[in-house]
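What follows is a single structure, written as structure tokens, with notes after it.
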Amino acid sequence: MTPNTEADLAEIIRGAEGPLRIEGGGTRPIGALSNGARLSTSALCGIELYEPGALTLVARAGTPLSEIEAALEAEGQRLAFEPMDHRGLLGTSGTPTIGGVVAANVSGPRRIQAGACRDFLLGVRFVDGRGQIVKNGGRVMKNVTGYDLVKLMAGSFGTLGVLTEVALKVLPRPRSMGMLRIEGLSDAAAVAALCRSLASPYEVTGAAHLQEGPDGTSLTMIRLEGFENSVAYRAEALTRLLAEFGACSFEADTDKTASEWAYIRDVGPFQKQAGNVWRLSVKPTDAPGIVADLPGARAFYDWGGGLIWLLAAEGSGLSAARIRSAVAARGGHATLIRGDCSQGAFPPLPAPVAALQEGLRFKFDPRQILNPGLMATSAAV
């Protein structure tokens, strides 16, 4: 089913007699997918309002992300939260949509500096499990709307309602982009260097570490954006600040830097590698120890170590329980992005939080027909 209007979507949901599997572009099949009837928002497309001077954009949920990025590029602007493209990692086709980005709260390397997708949401329209059309937030940066359903919908994966429209704050695109590189660091030393750079006043917008760079040597990467002279000045200052970690080289070419960070954003190191791929959210200084506790895994670090991408190859002995236990012991959580999700793709929740979540779902979707079971988890740890 592919409704052409919001009213058609509401009618379909009201008349549904069984579970519905909600899709945007079908590029992010994360979690336990429902065997319900497919309901796609891909026909609810188009940019409805774009005011570059006000830094605001309103689009229907099925609008291709590429269309939005092209419109912003023409005005020298961008989505600052740098949404990941999952197709290479998950082996999917289709076209990523802005509704799918919001529903999954997809955010890339720049999150450490700019914030997540939900932080740029100004308003949403959606259809809940009763088939009622709900509007929350607005189309401007200043609005007072009571309960903040806008942020609640970000990351709900279509389990609370089906998005039909999103309003977003956008930001100017920087004139220049450059990157510092340090080769040969251990995981612990790299995370220490990244944390120092992020704690500096030099406005780092990307901080990642690859255990294996293009030539097989570990590679630590620090991104800077802004005016060309400012980027050069900050790169020089950071080189001095990080001198004890080794020699820094500086890549000043904007296009090359953008390409290399797209590789990080889209989890390029694991795209053609077999095995389960996990996304671990942890305290940065705990990250090297967690990876050390999971021998046989391959990893790389983003967000200064706060995000670990982990590849657990078949035969490595790294079960979901073992990975989650190692992460939970240090207060983090683990989400399975690619692989067998029979034990739950999403992290277990403490009982009080799980009760709140279930209560919200019942209020928004009392018949439990919207992506039922997609965000199911195993017992809390």
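Computed quantities for the displayed model
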quantity: Per-q log10 I(q)/I(0), the chain, q = 0.15 Å⁻¹ (Debye; single scatterer per alpha-carbon; no solvent); calculated: -1.40
quantity: Three-way shape label, region 176-265, alpha-carbon gyration tensor, a/c 1.5; calculated: oblate
quantity: Net charge contributed by nearby residues that have their C-beta within less than 13 Å of residue 38 (K/R +1, D/E -1); calculated: 0
quantity: Trypsin sites (Lys or Arg not before Pro) within region 259-289, DSSP loop, no more than 10 other Cβ atoms inside 10 Å; calculated: 272
quantity: Net charge, residue 175 excluded, C-beta distance under 10 Å - Lys, Arg +1, Asp, Glu -1; calculated: -1
quantity: Gaussian network model of the chain, Cα within-10 Å springs - most flexible of 74, 116, 287; calculated: 74
quantity: Amide H within-cut-off set for residue 170, under 5 Å, with H built and near neighbours excluded; calculated: 56, 57
quantity: Mean separation of Cα contacts under 8 Å, 6 or more apart, over the residue count of region 6-172: relative contact order %; calculated: 27 percent
quantity: Listed residues 149, 94, 138: farthest to the positive end of the dipole of region 6-172 (Cβ charges); calculated: 149
quantity: Gain upon complete extension [residue 319, residue 215; 0.36 nm per residue less C-alpha separation]; calculated: 34.4 nm
quantity: Region 311-381 - charge dipole about Cα centre, Lys and Arg +1 at Cβ, Asp and Glu -1, debye rounded to 20; calculated: 140 debye
quantity: Cβ-based charge dipole, the chain, positive-most Cα from 182, 297, 332; calculated: 332
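All of the numbers you see were taken from the coordinates with simple rules; none came from a lab. Given the structure is predicted, the values throughout are model-derived calculations rather than measurements. Cβ coordinates were reconstructed from backbone atoms using ideal geometry, including for glycine residues, and neighbour counts include every protein chain displayed.
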